[in-house]
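Since the structure comes first, as structure tokens, the remarks are kept for the end.
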Amino acid sequence: MDNAAFPVDPENISADAVRGLIDHAILKPELTRSDVDAQLDEAAAYRVFSVCVRPSDVAHAVERLQGTGVGVGTVIGFPHGTTSTGAKVAESLQALADGAFELDMVQNIGAAKSGDWERVEADVRAVVDAAGSTVVKVILETAFLTDDEIVAASRAAQSAGAAFVKTSTGFAGGGATVEHIRLMRQTVGAETGVKASGGVRGLDTLLEMVEAGANRIGTSASARILDDVAHRAETGAASALGDDTSSY
């Protein structure tokens with residue numbers, strides 16, 4: 001799998017291992033440039049694996065994070081997955097030109113709900129082909145899917161060459177669950193990554209997702225999570241902070 005930090009030992013939590021799992025999400029549509037900059041600076045300060053930004057912010061994020069070691073990823077067909085395959089390809093090529101190093105695409109959810117798995121796979125394959133060697137993660141939007149559809153969508157993404165399957169956009173009224181992560185991992189095995197996103201707002205939730213099989217985490221609560229890692233290392237006790245309910 002892509003991420004060497006998998007798995008994290010919950011009994012011996014390493015800050016480096018946890019930060020190596022995190023794609024820090026900066027995706028809310030109302031964020032101003034100053035909001036984005038504050039989040040980029042926070043991601044750099046906490047040395048997370050990457051940020052996942054809106055497509056229009058990619059070039060700026062790449063410039064601002066230059067030399068920090070933090071990668072810049074973006075989203076494709078976000079958040080509904082309803083754009084045409086050609087539009088997703090064009091968006092992918094623009095993101096790559098702007099410097100994105102990973103692409104999180106939303107599958108065609110309507111096609112998935114219709115059981116049109118050939119169309120789902122073709123949509124993903126077109127983006128994977130356009131991306132070349134760039135990592136592509138496929139957002140299934142599990143809140144909309146039955147367990148059987150999650151299995152079929154995971155298989156379609158894997159067959160199309162995606163590097164990861166991912167639970168959620170965080171904008172569909174439901175995020176990652178332990179049950180869905182476990183099902184996705186059982187479906188794709190060890191060769192494809194599994195990303196938990198949406199609702200991962202604290203360290204305990206992150207650890208539950210990793211234990212279930214996630215090897216990448218999408219969250220906007222990175223600071224809270226990593227502060228909790230430091231707190232536990234210093235005191236041996238869980239933080240009283242709990243989950244950040246305002247975060248992605």
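A few remarks follow.
- Relative contact order of the range 15-235, pairs being alpha-carbon contacts under 8 Å that are 6 or more residues apart, as %: 18 percent
- Where a label projected 7 Å from the Cα of Ser114 along Cα→Cβ would reach, residues of the range 80-96 with amide N under 13 Å: 82-85
- Residue among Val210, Leu183, Leu27 farthest towards the positive dipole end of the chain, charges placed on Cβ: Leu27
- Going from the residue with the fewest nearby Cβ atoms within 10 Å to the one with the most, Val58, Val36, Val124 rank Val36, Val58, Val124.
- In range of the label at Glu63: residues from the range 26-44 whose backbone nitrogen is under 20 Å from the point 7 Å along Cα→Cβ: 26-27, 31-44
- Ascending count of other beta-carbon atoms within 10 Å, so fewest first, for Thr219, Thr146: Thr146, Thr219
- Estimated [θ] at 222 nm from DSSP helical runs (n ≥ 4, -39500 (n - 2.57)) normalised by residues in the chain, nearest 500: -13000 deg cm²/dmol
- The chain: angle of helix 178-188 to the longest principal axis, Cα-based, in degrees nearest 10: 50 degrees
- In terms of surrounding Cβ atoms within a 10 Å radius of their Cβ, Leu207, Leu21 rank from fewest to most as Leu207, Leu21.
- Looking at the range 7-94, the GluC sites (Glu not before Pro) that sit in a DSSP loop and have at most 11 other Cβ atoms within 10 Å of their own Cβ are Glu11, Glu30.
Read the figures in this text as sums done on the coordinates, not as results from a lab. Everything numeric in this text was worked out from a predicted model, so none of it was measured. For neighbour counting, all protein chains shown are included, and Cβ atoms are generated from backbone atoms with ideal geometry for every residue, glycine included.
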